[in-house]
Amino acid sequence: MHAFLAADERGTLASLLAWLDHAEKLDEFAPRTEPPEDDVVQLLTIHGSKGLEWDAVAVVRMVEDELPTAPRDSKGWLAFGVLPSAFRGDADWLPVLDWEAAETQQELMAAIQDFVTQNRDRACEEDRRLAYVAVTRARDRLLLSASPWAGGKSPRRPSRFLVEMAEALRIALPEDDPGENPFDGQRRMLEWPLDPLGARRGTVEAAAAAVRAAAERPPVEPDRDLALLLAERAALRTAAVGTAPTRIPASQFKDFVADYDDAVARRARPLPERPYRQTRVGTLFHTWVEERSGVGPGHASLDDALWDDDPGPGLDQVSVGEDDAAALERLQRTFEASEWGPLQPIEVETEIDFRHTGLDGREHVVICKLDAVYARGDRFEIVDWKTGRSPRTAAERAERLVQLDLYRQAYNQRHGVALDRIDVALFYVAEGLVIRA
């Protein structure tokens, strides 16, 4: 009953019966994992009680058609949609329909009737084993009950298992007289619409009136300690006004453009990101393109030139799983078949930092990591390799192009190339899609 009281603090008989009906439909009568508490009654199915023991056990409704249950599949594999016994792994333990030995229709009907009887007997034996499980769960005391009436129109006879146990123990059962139906003529009158408060309406309305009266009275002046606590709570509830950092990666700049307050809040409370497989494959692809070009990565600053002298492991030194290797191979084939496959870049993995005045009026340092730069005649093209999903809407496309516009500005400030001579492109390698600004 612990689970019931956790869901309904009132504990009325009507709510208990409703909970039992709901739990039975959801098969929630499984045993509890923790030891039972004192004065706690556990309600569970016989199947759920297997392997457990209690000091006292009550097995209720030991009547025919309940324990044992009413036969539902006595036709066996003759019923629609049932696999014939010969094709089942437990065929040796199932009843056999001897239809091949029948020479006349009467003999066939007799064989079918015998097959149905065997199935009923087998179902009864299964219920007998289930009853054995139920009555052997008790250490000291066992209560067996068989009420003939349970809301039905006709009474139920005591279970054959109960009769057999009573005879074995030489216990005389009451006379087999169900008497009159105690539910006959019983009616419960309800009003519609139902009052959601029911008998608690008076108590709830009195409490509501007390709250309204207290709200109409002038507020009580808090003492010094309470005033300090209220001020502290108000300060904690007030969202701190944050600002964007001075250094912003170009890939994150679009977040501050789209929703400045949200981007600042997420940066103030950073969460670790899950290592996605797509990100891992993308890193392998960028490394492959860089090694394939034969062009070393450019340095962003004097600090990088001084301290970042370790290029890191090459692609041949990285352990790659079979799935990642297959995904990487598909990206490589798509890249080699693209317009950049036969071209030689003039720069790869170049980092450029430049100053930019943001929408907040502050000057920021934007960190741009250029995947590759190509010289095409008297023009320059900056390409950003993307191994993820391409933009699906115009708004997503505009957000992605913000990053490319920053790349153009960075390349213009670093090399003095006019903006109208710098082209930019996004290449979504997995989809073979090219987006140019």
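Could you check how many residues of segment 212-239 are in contact with a helix residue (DSSP H, G or I) (Cβ under 7 Å, 6 or more places away or on another chain) and either exposed (fewer than 11 other Cβ atoms within 10 Å of the Cβ) or among the acidic types (Asp, Glu) (or both)?
Total meeting the criteria: 0.
All but one of (1) within 25 Å of Asp384 (Cβ to Cβ); (2) modelled with pLDDT of 60 or more; (3) part of a helix (DSSP H, G or I) hold for Asp304; which doesn't?
(2)
In segment 37-80, which residues are hydrophobic (A, V, I, L, M, F, W, C), outside any loop (DSSP other than H, G, I, E, B) and touching a Ser or Thr at 6+ places or on another chain (Cβ under 9 Å)?
Across segment 37-80, the qualifying residues are Val57, Ala58, Val59, Val63, Trp77.
Cβ-Cβ under 7 Å, sequence separation 6+ or interchain: first residue in segment 249-269 and free of Cβ contacts under 8 Å to residues at least 24 places away in the same chain and among the β-branched types (Val, Ile, Thr), partner in a helix (DSSP H, G or I) and exposed (fewer than 14 other Cβ atoms within 10 Å of the Cβ). Which pairs?
none
For segment 138-197, how many residues are surrounded by 12 or more Cβ atoms within 10 Å (Cβ to Cβ) and of a type in the set (Lys, Arg)?
3
Just to verify a result, which residue in segment 262-289, among those that are farther than 21 Å from Ala326 by Cβ and part of a helix (DSSP H, G or I), is modelled with the lowest pLDDT?
Here the residue is Ala268.
Quick one: Gly377 ticks every box in (1) surrounded by 11 or more Cβ atoms within 10 Å (Cβ to Cβ); (2) at pLDDT 85 or above bar one, so which box is it?
Tallying (1) surrounded by 11 or more Cβ atoms within 10 Å (Cβ to Cβ); (2) at pLDDT 85 or above, Gly377 fails exactly one: (1).
Looking at Ala150, Ala146, which one is at pLDDT below 85 and part of a loop (DSSP other than H, G, I, E, B)?
Testing whether each residue is at pLDDT below 85 and part of a loop (DSSP other than H, G, I, E, B) leaves just Ala150.
Within segment 358-365, does at least one residue satisfy the condition of being touching a Gly at 6+ places or on another chain (Cβ under 7 Å), crowded, with 17+ Cβ neighbours inside 10 Å and either of a type in the set (A, V, I, L, M, F, W, C) or not in a loop (DSSP other than H, G, I, E, B) (or both)?
Yes, some residue in segment 358-365 is touching a Gly at 6+ places or on another chain (Cβ under 7 Å), crowded, with 17+ Cβ neighbours inside 10 Å and either of a type in the set (A, V, I, L, M, F, W, C) or not in a loop (DSSP other than H, G, I, E, B) (or both).
Inspect all residues belonging to segment 367-378 and state whether any of them is out of contact with any Pro (no Cβ under 8 Å at 6 or more places or on another chain) and aromatic (Phe, Trp, Tyr).
Scanning segment 367-378 turns up no residue that is out of contact with any Pro (no Cβ under 8 Å at 6 or more places or on another chain) and aromatic (Phe, Trp, Tyr).
Please verify whether segment 119-136 includes one or more residues that are out of contact with any Leu (no Cβ under 6 Å at 6 or more places or on another chain), outside any loop (DSSP other than H, G, I, E, B), of a type in the set (S, T, N, Q) and over 19 Å from Met62 (Cβ atoms).
Yes, because at least one residue in segment 119-136 is out of contact with any Leu (no Cβ under 6 Å at 6 or more places or on another chain), outside any loop (DSSP other than H, G, I, E, B), of a type in the set (S, T, N, Q) and over 19 Å from Met62 (Cβ atoms).
Pick out the one residue from Ala207, Ala111 that is outside any loop (DSSP other than H, G, I, E, B), under 46 Å from the mean Cα position of the chain (by Cα) and not β-branched (Val, Ile, Thr).
Ala207
From Ala86, Ala70, Ala3, Ala56, grab the single residue that is at pLDDT 75 or above and farther than 27 Å from Phe161 by Cβ.
Ala86
The values are calculated or read from the model by the stated rules, or taken from the named source; none is laboratory data. Note that this is a predicted model, so its numbers are computed, not measured. A quick note on method: Cβ atoms are made from the backbone with ideal geometry, for glycine too, and the neighbour counts reach across all protein chains shown.
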